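Chemist: Quick one: the structure is below, and I'll ask about it shortly.
Just so it is clear, none of the values below were taken in a lab; they were calculated from the coordinates. Values in this document were obtained by computation on a predicted structure and should not be read as measured data. With ideal geometry, Cβ positions are generated from the backbone for all residues, glycine too; neighbour counts draw on all protein chains shown.
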Amino acid sequence: MKVLNALKLAGLAGSLLFSSLSFASAVNLGENDVAIHGYDPVAYFVKHKAVEGSAKYTATYDGAIYRFSSAKNRDLFKADAEHYAPQFGGYCAMGVALNKKLDVDPDAFYIKDDKLYLNLNKAVQKKWMEDVPGNLKTAYRVWDGIESLSVEATNAED
């Protein structure tokens, strides 16, 4: 009986671990799996500003739904999604450098070496801008370790 109970507990623990891992996302998803709060990732490159996308123009990439302000932007994204998708799965770049997965403000963005980086807010972005090369180096190193972790796991109190 003890062995059977131990096996049940081990199975339950394994199921809980598996279910918590299955909710971990490498992409910052909002309501209905929409990325970047529905903002158009291509517009950052084309218009150099945050532009809200429309549910009329969408594309899916890496498990996320991206919205676009035009069919042209959607088609550009579909042709080269890896180029236009935000770095670090759309999580706050400074947060990643700090070993955390934080949400973003679509207006707090920066393009460096033709890559899109988003930040939690303008204040965090200001801190990010103080040492972009150093923050990028740290963030890319850290991302490999936290990419598959849940938001809760990265943001738990130490």
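Chemist: What is the sum of charges, Lys and Arg at +1 and Asp and Glu at -1, for the other residues whose Cβ falls under 15 Å from the Cβ of Ala64?
Modeler: -3
Chemist: For Tyr57, which sequence-distant residues (separation of 5 or more, or a different chain) have an amide H within less than 5 Å of its own amide H, given hydrogens modelled in the peptide plane?
Modeler: So Tyr57 has HN proximity to Phe68.
Chemist: Can you give me the distance in nm between label points at Lys72 and Asn32, each placed 7 Å from the Cα along the Cα-to-Cβ direction?
Modeler: 2.6
Chemist: If a/c stays under 1.5 just call it rounded; otherwise compare a/b with b/c (prolate if a/b is bigger, oblate if not). Do that for the range 86-147, with a ≥ b ≥ c from the square roots of the Cα gyration tensor eigenvalues. Kindly include the intermediate steps, with their values, before the conclusion.
Modeler: Working: a/c = 1.36, a/b = 1.21, b/c = 1.13.
Rounded shape, in that the Cα axes give a/c under 1.5.
Chemist: Across the range 46-56, in residue order, what do the Karplus-derived ³J(HN,Hα) couplings come to in whole Hz, using 6.51 cos²θ - 1.76 cosθ + 1.60 with θ = phi - 60° and x for Gly and Pro?
Modeler: Once rounded to whole Hz, the list reads 7, 9, 6, 7, 7, 10, 5, x, 10, 5, 6.
Chemist: Moving to a separate point now. Calculate the spin-label point distance for Asp103 paired with Glu130, positioning each point 7 Å from the Cα along the beta-carbon direction, and give it in nanometres.
Modeler: Going from the Glu130 label point to the Asp103 one covers 2.5 nm.
Chemist: Karplus couplings for the range 74-80 from phi (6.51 cos²θ - 1.76 cosθ + 1.60, θ = phi - 60°), rounded to Hz, Gly and Pro as x?
Modeler: Along the range 74-80, the couplings run 4, 5, 4, 4, 4, 6, 7 Hz.
Chemist: Let me ask something additional. I need the phi-derived Karplus couplings for the range 134-145: 6.51 cos²θ - 1.76 cosθ + 1.60, θ = phi - 60°, integer Hz, Gly and Pro marked x.
Modeler: Once θ is set to phi - 60°, the couplings for the range 134-145 become x, 5, 5, 4, 5, 4, 5, 5, 5, 3, 4, x Hz.
Chemist: Under 5 Å between amide hydrogens, which residues at least 5 positions from Ile65 or on another chain qualify, with H placed 1.01 Å from N in the peptide plane?
Modeler: The answer is Val34, Ala35.
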